[in-house]
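Here the structure is laid out as structure tokens; the discussion comes afterwards.
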Amino acid sequence: MAACGGRQCGLLRGAILRTRPWGGCRRSCVSGATAVEGLAPNSERKGFIRDHALPFSAFLTDSFGRQHSYLRISLTEKCNLRCQYCMPEEGVKLTPRSELLSTPEILALAKLFVQQGVDKIRLTGGEPLIRPDVVDIVAQLKKLEGLKTIALTTNGINLARLLPKLQGAGLDVLNISLDTLVPAKFEFIVRRKGFHKVMEGIHRAVELGYNPVKVNCVVMRGLNEDELLDFVALTEKQPLEVRFIEYMPFDGNKWNFKKMVSYQEMLDTIRQRWPELEKVPTMLSSTSKAFRVPGFQGQVGFITSMSDHFCGSCNRLRITADGNLKVCLFGNSEVSLRDCLRTGASEEELTQIIGAAVGRKKKQHAGMFSISQMKNRPMILIGSPPSSLLPLWRPVERLFYILGCIRPFAARVGGSVRGTRTGFLDFSQSDFRRTLVTSLVLPLRGLCRGPDSPAPRSQCLITPQSSSDDGSETHNISGLQAASGQLTHVDRAGKVHMVDVGEKSSSSRTAIATAVIRLGPKVFSLVQSNQLKKGDVLTVAQIAGIQGAKLTSQLIPLCHNIALSQVQVSLALDASRCAAVVTAECRTYGKTGVEMEALTAASVAALTIYDMCKAVTHDMVIEEVKLVAKSGGRRGDYLQGQES
């Protein structure tokens, strides 16, 4: 029996030979195994395949058991609009035409994916309707046996003219992007004219019987969140499904947390007008949370890409216009299927490559703050949204509330602080979230350990470094001096005072501090597998540590407010101790050191881990908060354990 990419064509072949409803099977085997030939009426053949469902392809099933039956194919990078959330104002550098997938290549890949179990293909862009042969592509896809749904996402500019031909070719599902119902605002958002063409396309889709006609609306604060109720009203007498999409970060769209309107906020706004709004059941793999106002013909949906991820049920794969396979919208790893095709790879080899990429798909992508810093294509070069993101804001907000530094910080940045009915603080009028989002999330670094540590060998964080004659790295501690015997923050009368650094000379200064939090086996396992209900513990702690370093002068009364040039906070899990180890490194060029900033960063990161894990147990211990090394300043360099 020949195996076909995990779908076991031989099983189908044997079943057909036994039952012989039409004498054969037309489905081909990727491995090249001979299939039984035969013909039958299309409805009879599809009915048999439906009643004798095959095991889903192992190549399209990832290590977490998610079956990827939905493929998005970008037909072009070009677009006739310049939407602010999608494309930089100056446009993007387009891939040369010769490097884009040709129509035969698109159809070959589509056929391969359908043979492996994909039953829905969505055509995206850019703007797919500016591709001259889009109607022919739909018609050719319709011939693929096993493909149940052909969908298309469009900006609607060319829709009214092309839709009758697309419908005749076999287009099943239609999504139309529309972010405002105000013509002047439309021109501002998309930087082009065309509002009336889009509305004409929507009306044409309704006339041709598409039900529902999906309308995608990206909601941005200060731009179109005041039109939520107007969009919902459209669903009263028309078979529309208006889907509100949370604003997502992509290269060039100047994403800002303050612009994002969350799903819950949108839902609350709509329920103030229609309190009877009810939830509608959806498929497990649906990206949209659906609701309907009783008596309305259509419905609304919320794509909660930023505030409530749905990675666990993700069944989507994407092929970009230049032929790269993306297994996650927010992932920056890609595999070139185009190059494989053009170097003569067989179907079996392509299947193996695709299977390897799907197998590497992560359980979920990074949190929203990490995503905002991550390098990724502009949306125009990927296709259409959305995917998912892990919500991280509330734990960080709670931490700084506990530390008591919120009010002075909000006052310093000129923002207002007001209570909310959730019991947390609202920073929508301040720069706090902007500051938090723009904090650097930097790579993990090694840890400095003692000689008796049972942990594996690791790199020691000591600066500055120089090279010895034999090329090996040595650590410069020649400037090490004994500590002063006098407290610098106490004057001769014994009163506390702030040290005057005005006469000191500026220099480059660095400090490294560490902290350890012992979690216990149960919590350690949950953190290691990222299973805590509050979210990604290590990412939140990393961000909180960076922010803690910035706020040190607000927490430690006699610390100077200094300009940090860099803050790095890294976290590592130590299985031998069931602990998380925090390393914080701070740098500045100024008149005073950054030891306290590094210590505060390490401490706040450890406290954040405690806060996020305390629902599981309070039996955690924060220990070994210490300065590991420092360089710069009048007293010279310091290395922990070397000071006399």
key: Every residue from the range 218-236 that is under 14 Å from Phe186 (Cβ atoms) and not aliphatic (A, V, I, L, M)   = Asn224, Glu227, Asp230, Phe231
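One line per residue, one yes/no per condition, for (1) of a type in the set (Val, Ile, Thr); (2) more than 25 Å from Ser508 (Cα to Cα); (3) out of contact with any Gly (no Cβ under 8 Å at 6 or more places or on another chain); (4) open to solvent by less than 60 Å² (accessible area, probe 1.4 Å):
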position: Val540; (1), (2), (3), (4): yes, yes, no, yes
position: Ala544; (1), (2), (3), (4): no, no, yes, yes
position: Thr600; (1), (2), (3), (4): yes, no, no, yes
position: Leu607; (1), (2), (3), (4): no, yes, yes, no
remark   = Scanning the range 273-291 residue by residue, those free of Cβ contacts under 8 Å to residues at least 40 places away in the same chain and not β-branched (Val, Ile, Thr) turn out to be Pro275, Glu276, Leu277, Glu278, Lys279, Pro281, Met283, Leu284, Ser286, Lys289, Phe291
message = Yes or no: the range 316-325 includes at least one residue that is farther than 27 Å from Ser63 by Cβ, under 23 Å from the mean Cα position of the chain (by Cα) and part of a helix (DSSP H, G or I).
response = no
ask   = Within the range 263-272, is there a residue that is closer than 30 Å to Pro239 by Cα, in contact (Cβ under 8 Å) with a residue 40 or more places away in the chain and hydroxyl-bearing (Ser, Thr, Tyr)?
value = yes
remark   = Given (1) at pLDDT below 95; (2) touching a Phe, Trp or Tyr at 6+ places or on another chain (Cβ under 8 Å), Leu181 misses just (1)
query = Residues of the range 103-123 being in contact with a Lys or Arg (Cβ under 9 Å, 6 or more places away or on another chain) and of a type in the set (Lys, Arg), which ones?
reply = Lys120, Arg122
request  = Go through the residues of the range 118-137 one by one and say whether even a single one is within 22 Å of Arg318 (Cβ to Cβ), among the polar types (S, T, N, Q) and either in contact with an Asp or Glu (Cβ under 9 Å, 6 or more places away or on another chain) or part of a loop (DSSP other than H, G, I, E, B) (or both).
outcome  = no
ask   = Going through the range 205-225 one residue at a time, which ones are part of a helix (DSSP H, G or I), surrounded by fewer than 20 Cβ atoms within 10 Å (Cβ to Cβ) and at pLDDT 95 or above?
value = Val206, Glu207
inquiry  = Restricting to the range 313-352, give me the number of residues that are closer than 19 Å to Arg66 by Cβ and hydrophobic (A, V, I, L, M, F, W, C).
reply    = 9
Extreme residue, most open to solvent (accessible area, probe 1.4 Å), among residues of the range 270-298 that are at pLDDT 95 or above and of a type in the set (S, T, N, Q) = Gln272
Filter result (open to solvent by less than 10 Å² (accessible area, probe 1.4 Å), without any contact (Cβ under 8 Å) to a residue 40 or more places away in the chain and farther than 15 Å from Pro128 by Cβ) within the range 141-185 = Leu178
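The values are calculated or read from the model by the stated rules, or taken from the named source; none is laboratory data. Bear in mind the structure is a predicted one, so any value in this text is a computation, not a measurement. Note: ideal-geometry Cβ built from the backbone for every residue, glycine included; neighbour counts use all protein chains shown. We work out accessible area using only protein heavy atoms, side chains counted, and drop any ligands, DNA or RNA first. Shrake-Rupley method; radii C 1.70, N 1.55, O 1.52, S 1.80 Å.
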